[in-house]
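The values are calculated or read from the model by the stated rules, or taken from the named source; none is laboratory data. Everything quoted here is computed from the prediction, not taken from an experiment. In this analysis, Cβ positions are derived from the backbone assuming ideal geometry, glycine residues included, and neighbour counts consider all displayed protein chains.
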Amino acid sequence: MISKQVSYDAEISGYIEKNKAKKMKGVKAKELMLWPPVNEIVVDDPPTGKVHFKSLGGITKTFPVQAFAAGQ
């Protein structure tokens, strides 16, 4: 289980490609005392079981894909 605070605007936008959501707007994740925007989400291909969340500020967080499975 992942314990992260996430904030969503009333409207979320971005572009979807294979294994990727990029140029996202409207999603922020708390990191220490800051709320950097999540700019990109990437699922590894070939699959390594990792999901990467990237911000414009250079912060990248990686989590196991199992943490996002139904029932988790």
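Cβ contacts < 9 Å: first residue on the phi > 0 side of the Ramachandran plot, restricted to region 20-33; second residue exposed (fewer than 15 other Cβ atoms within 10 Å of the Cβ) and of a type outside the set (Gly, Ala, Ser), any location; separation 6+ or different chain. Result?
If the second residue must be exposed (fewer than 15 other Cβ atoms within 10 Å of the Cβ) and of a type outside the set (Gly, Ala, Ser), the pairs left are Lys23/Tyr15; Gly26/Tyr8; Gly26/Asp9; Gly26/Glu11; Gly26/Ile12.
Considering (1) acidic (Asp, Glu); (2) surrounded by 10 or more Cβ atoms within 10 Å (Cβ to Cβ); (3) modelled with pLDDT under 90, say which one Glu40 fails and leave the rest.
(3)
Return yes when Gly14 is touching an Asp or Glu at 6+ places or on another chain (Cβ under 6 Å), in a strand (DSSP E or B) and modelled with pLDDT of 95 or more and no when it is not. If you could, list the steps in order and put the result at the bottom.
Working: touching an Asp or Glu at 6+ places or on another chain (Cβ under 6 Å): no; in a strand (DSSP E or B): yes; modelled with pLDDT of 95 or more: yes.
Judged against the criteria, Gly14 is not a match.
Restricting to region 1-36, and then to whatever is loosely packed, with under 11 Cβ neighbours inside 10 Å and among the acidic types (Asp, Glu), can you tell me which residue is farthest from the chain's Cα centre (by Cα)?
Glu11
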